[in-house]
Amino acid sequence: MQMTSRRDFLRSAGLLMTGAAGWTASGYAIPIGPDLQFPAQPWERLAVSSWPFRAFIESAANHDRDPKQPGMDLTGFPGTVVTHFDLRKIEPIGDHFGSTSPAYLETLNKAMQKVGVTIVNIPVSVGASLYDPETAQRGMAVENAKKWVDIALTLGSPSIQVGIRPVGSVSPNVERAAESLQRIVDYAAPKKVVINLENDNLVSEDAFFLVKVIEKVNHPYLHALPDFCNSMLSGNEKFNYEAVTAMFRHAYNISHVKDSEMSPQRRLFTTDIDRTFAIARVSGYRGYFSMEWEGDGEPYGGTKKMIEASLRNLGG
């Protein structure tokens, strides 16, 4: 009778994650963390998010489309970024995808290949809250996140950002959110797709809540996505910089660059972009900076301003 080695058994069972796993004492495969090779040149570390251009992008899920503005399918976004900004990295929002069908993803892939563009991250909505008291709701969110992990793999994106939506009057819950994210990263790690959490809103995505969740899960494929200005919506400058500092301590491959943020009440909050880049440097962050301009005026000029400020701070 031919003997099967433990390694052969794990490989046949689909438990051996080549290049992304170590071994426990009992022989089970565990992820040892992503190993992305980040560029050193400042210009190559910059990406452009589709969020500032949401008024233009045609998609059934994009509720910010302004019919008074000329329309653009997401497949046209890579070429737009190259033409207007001479950059080759993008961060497309999940709600901006015209479809998630294989045919559409293939079209988007071809559009990127044509102009030499790659994706650095995909921010996605998952349809429910990761800390919803209802098990079925959390399960739906987890399954939707898994679908986006597969889409990221198809498009060559190294990561997705999973949004954590609020649940009525229910307080954010570390244990439930961590349990949901554990299931997501366990699915994403063998595929080498990083899961990111952004300090987006001040309730369900408060920076210090996210840090607690990240530390609770304690997984090499779960990281923070620091946004330069979202936490300034608190109106507390000290809180904003402390929040950004906490997020950069857990960041890996992506952050959002902006010097202002518009509240739902149309109040404009601003932050010191140079000070925030200094926080990133002190943290040792080596990943990408995605331009997510938010403010008064049109997005093309605002994005160019963010690019110039980024290059100034990165020495480009």
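The values are calculated or read from the model by the stated rules, or taken from the named source; none is laboratory data. Remember, predicted model here, so these are calculated numbers, not experimental data. Because the Cβ atoms are built from the backbone with ideal geometry, glycine has one as well, and the counts that use them run over all protein chains shown.
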Subject >> Condition check for residue 144: under 20 Å from residue 289 (Cβ atoms) and not hydroxyl-bearing (Ser, Thr, Tyr) >> reply: no
Subject >> Residue identified as surrounded by 17 or more Cβ atoms within 10 Å (Cβ to Cβ) and either outside the structural domain of residue 165 (by TED's automatic domain parsing) or out of contact with any helix residue (DSSP H, G or I) (no Cβ under 8 Å at 6 or more places or on another chain) (or both) among 218, 253 >> reply: 253
Subject >> So residue 123, is it within 26 Å of residue 34 (Cα to Cα) and surrounded by 22 or more Cβ atoms within 10 Å (Cβ to Cβ) >> reply: yes
Original post:
If you go through segment 139-169 one residue at a time, how many are surrounded by fewer than 17 Cβ atoms within 10 Å (Cβ to Cβ) and assigned to a loop (DSSP other than H, G, I, E, B)?
Top reply: 4
Original post:
Name the pairs: first residue in segment 47-62 and buried (at least 21 other Cβ atoms within 10 Å of the Cβ), second residue modelled with pLDDT of 95 or more and among the basic types (Lys, Arg), Cβ to Cβ under 6 Å, at least 6 apart or on different chains?
Top reply: 47/89
Subject >> Matching residues, segment 281-297, being acidic (Asp, Glu) and modelled with pLDDT of 95 or more >> reply: 292
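Please go through segment 63-120 and pick out each residue that is within 18 Å of the chain's Cα centre (by Cα) and either free of Cβ contacts under 8 Å to residues at least 12 places away in the same chain or assigned to a helix (DSSP H, G or I) (or both).
Residues satisfying the conditions are 74, 77, 78, 94, 95, 96.
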Original post:
Of 123, 172, 190, which residue is outside any helix (DSSP H, G or I), over 14 Å from the mean Cα position of the chain (by Cα) and not aliphatic (A, V, I, L, M)?
Top reply: 172
Subject >> Hey, residue 70 out of contact with any strand residue (DSSP E or B) (no Cβ under 9 Å at 6 or more places or on another chain), modelled with pLDDT of 95 or more and of a type outside the set (D, E, K, R) or not >> reply: yes
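Considering 145, 128, which residue is touching a strand residue (DSSP E or B) at 6+ places or on another chain (Cβ under 7 Å) and in contact (Cβ under 8 Å) with a residue 12 or more places away in the chain?
145
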Original post:
Going by the conditions given, is residue 200 crowded, with 22+ Cβ neighbours inside 10 Å, within 26 Å of residue 261 (Cα to Cα) and among the charged types (D, E, K, R)?
Top reply: yes
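Any idea which residue in segment 221-242 is surrounded by the most Cβ atoms within 10 Å (Cβ to Cβ), counting only those that are of a type in the set (Gly, Ala, Ser) and more than 27 Å from residue 39 (Cβ to Cβ)?
Among those residues, the one meeting the criterion is 231.
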**OP:** Keeping to segment 260-316, report how many residues are farther than 23 Å from residue 239 by Cα, without any contact (Cβ under 8 Å) to a residue 60 or more places away in the chain and not in a helix (DSSP H, G or I).
**Re:** 3
**OP:** Evaluate segment 108-130: report whether one residue or more is hydroxyl-bearing (Ser, Thr, Tyr), within 25 Å of residue 181 (Cα to Cα) and in contact with an Asp or Glu (Cβ under 9 Å, 6 or more places away or on another chain).
**Re:** yes
**OP:** Please work out which one of (1) modelled with pLDDT under 95; (2) closer than 30 Å to residue 310 by Cβ is the condition residue 169 fails and give its number.
**Re:** (2)
